[in-house]
């Protein structure tokens, strides 16, 4: 009887409809730590994308040795370049 009352008191989990698939890939993914949606994707190669403040992300660009701060749409708002003898980050 108690279990039945507790079950009826729990809130109903809303069902969320998914939209149709926008794009597909033949690539396999491994070790996915997080997913951040960006308009049109971001960059030609794999690189770390780190959740940051609010809807911003940090994108580590190993080629230019920089750290980019991008918004939800993928627009870069700040760029930090590698500087110094020990590889510290410096800002604009």
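The values are calculated or read from the model by the stated rules, or taken from the named source; none is laboratory data. It should be emphasised that the depicted structure is a prediction, and the values quoted were computed from it without experimental measurement. Backbone-built Cβ (ideal geometry, glycine too); neighbour counts: all protein chains shown.
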Inset, instruction - Report yes if residue 77 is modelled with pLDDT of 85 or more and exposed (fewer than 13 other Cβ atoms within 10 Å of the Cβ), otherwise no. - result: yes
Inset, instruction - Look at region 59-68 and say how many of its residues are buried (at least 17 other Cβ atoms within 10 Å of the Cβ) and within 14 Å of the chain's Cα centre (by Cα). - result: 2
Legend entry - Residues located in region 1-50, provided they are modelled with pLDDT of 70 or more and in contact with a strand residue (DSSP E or B) (Cβ under 6 Å, 6 or more places away or on another chain): 47, 48, 49, 50
Inset, instruction - Output the qualifying pairs, or none if there are none: Cβ atoms under 6 angstrom, residues six or more apart or on different chains, first residue in region 69-88 and closer than 14 Å to residue 50 by Cβ, second residue at pLDDT below 70. - result: 80/89; 80/91
